[in-house]
Structure formats: structure tokens, C-alpha cells
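Just so you know, all these numbers are worked out from the coordinates, no wet-lab data involved. Please read these numbers as outputs of a predicted model, since none were measured by experiment. Quick reminder, even Gly has a Cβ in these numbers, built from the backbone with ideal geometry, and neighbours come from all protein chains shown.
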Amino acid sequence: MSRLIYFIASIYLLSTGSAALAASDNHLPQNRSQSVINAFQVMCTLELPNFEHISAKATAMKMGLQVDEKQASLDDVVTRRKSWVGNLTTGPFVLFLDEMSGSKGKSTACAVAAVVPDTDMFRSEAVTMIKLQTDPKPEIDRDGSRSFVWNGVFGPESIVILRDFKPIGKPGVMLKLLNHVSTHYEEDPLMVEEGYRMSKSTPAKGLSRKSTIFKYKQVSFKLTPPNGYLLQEMEQSFGKVFSFIDTQDSEKRSSSMTITVMMRDPNKPPDPALGIIATIMAPFEKRLVNYSRREKESFDSNGLFFQGASFSGQMGAAPIAGAVFVTSDQNVIYIFLGFCKQGKAGEFDAELTDVVKSFQVIP
């Protein structure tokens, strides 16, 4: 349970998620970049990504399997994912392999992640060794990462993506090849890139401030969403994440909140709410500068008991603030998580609390 809850917080603060990437980069060899790129070429680019072939290759190389999951969603989309830890002469790396298949086609992604001494030097080496075009303009995400995207490198529906965390001082990089085989000619492979860690994602849609019903499997609930936010729904192996993104803020995607619905394991004792909150807070405490936390007063609302905490700190040059609320019933855990620019913390905290207090499970 702790591993799954930790993942929720990592949606915001993902950097080098594997323990194999946590080693210091101070003593990495100078040829580290070439070594990691060579691993990417051998594992991912000798042919367009093929789940079975790459999996067999990793097994034959006796790489350490870390994740092996398969899930089918209600709309017949089947998701498979595996990851392994490998060792090069220059240090460890992680191999990620993901596949989504359904009525619209199949997308397969193969990626290598590692710590390197210099992310800009790594990108320069990748451009030369993989024969990419000159650097595209990076796309900056709210977690502080930047992504460089090259289209059509290995075919018309292939994408090469290089992601790093230099803006927030993290040494990790991920180099990925994504290929999509569509049953519809007009299908755009960029539309499935977000499926890399999702089994299902609906297009974002606007919301008005009125009571709205949400559903996941046998669970139904209603709440009053924040006005003007976009909603996106994402199914994960552990449950469903409902994400609300502020479109009215002057800085794009600077405020957001999520509601995660997690099914309880009937064979395990329930996790206490304070333990869940502590697990969610852990990556924020680790990665925010000047981190502080304050317990929020618990309260009852619509027959449910809520516990929560607020936090603040600085991610790179950006001061942020946020809050977590947790409640549960006999079968389900509900986790509310949100953050914003620190300057609007008071307004945002009140907005999030209003959403939480409007929450009501429908029998």
C-alpha cells in the first residue's frame, strides 16, 4: 500500500524514481553518457519496440526484474509494463518497457533511465550518436522536468523523447523510443505518449461549480469541483485518479488537485489515515527546500471523517504550498492532494477544503 500511495505524490515530484538511480553522480566515468546511450540503442532501437523481443533480451541478459504488470480496462485497452535494473561498466541503469493495445492500435515504449554527470552533454551525445536533428525547444513540466521531443526518427509514427531534471538540479535522464501502430490512419502517436504510465486517460474537459457525480467501478461519489478547472481521469493499477487543473491561473498548470480512489485489500488490515498522509508527504519533505508541515484539524463531513495536513517549501526557484486530506469507508480509501504557487496558498487551501467538504459517497 505504501508503494502505491508514494506513487501518487510522485506524480508531482517525479525525479529519479528508482533506487538504482539514487547513487551520487560525483564519481561517474567521463564516458558515462556514451555508455547509457549505447544501452538505449541496443535495448530499444535495433528494431521498433517489440514487447516480447525486448523482454526476452532483458531476461537473457539476466537483468533484475523490478516490475511485471498486466491490466485490462473496461474499454478493452490492455496495458503491460515491465522494468529491470541493469549494470554497465560505468554504473547502473533502469530499463522501462510499456505497451498499450486496443481498438485504436498498439503503442510500445522502451526507455533507459540513468544518472549522468552532465545532462546537456548527454543530450549532445545523444543527438550525435542517434543522428537526431538539432535540439528542439524543451517542454517544461510542472514537476521541474524538461522534455526534448523528436518526431519520426525511426518511422512516421515513432517519437524519441529525452527527459531530464536540470531545471531543479537533479542528475537523472530518461531516453525513450515510443512507436504507435494505429488501426486508424489519422491517429497521432503523441496522443498516446501520456499513456506511458496510465492504463486509461480521458481527454480533459471543463467543469463548472456545480455538484457532479464521478464513478469508478462500483464506487460513485459526488462533489462540487472548483470553478474553471479542467478534469482529466486516469486509471492506474491501484485505482483511479481524478485530476483538476486550473486554467484561469496566469501561469499554466500552476495549481492542481487530485482525488485518488483506491480499493482496500480485504486480506490486509486498513492503513491508518495519518500513516497514509506521512507516506504522501515523504517525497515532498525529501525534495522541497525549506520544507514545513502543519497538521490540519480533523473534521466530519457527510458521514465521513477527514484527517489532513498542509505543507510548503521551494521546488527549484518556485515556492509552492499544498495540502492532503484522507478519508475512507469499509472498501475504499479516498485521497485528496493539491498544490499551488505559495502566493495564493490561502485562497487555494480554502478552495480545496470546500471541494473536500462537498464530497459525498453515493451508496
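Odds and ends about this structure:
- Simple point charges give the picture: +1 on the Cβ of Lys and Arg, -1 on the Cβ of Asp and Glu, and for region 261-363 a dipole about the Cα centre of about 360 debye.
- Modelled this way, with points 7 Å down the Cα-to-C-beta line, the labels at residue 103 and residue 341 are 4.3 nm from one another.
- For residue 38 and residue 67, the difference between the fully extended length at 0.36 nm per residue and the C-alpha to C-alpha distance is 8.1 nm.
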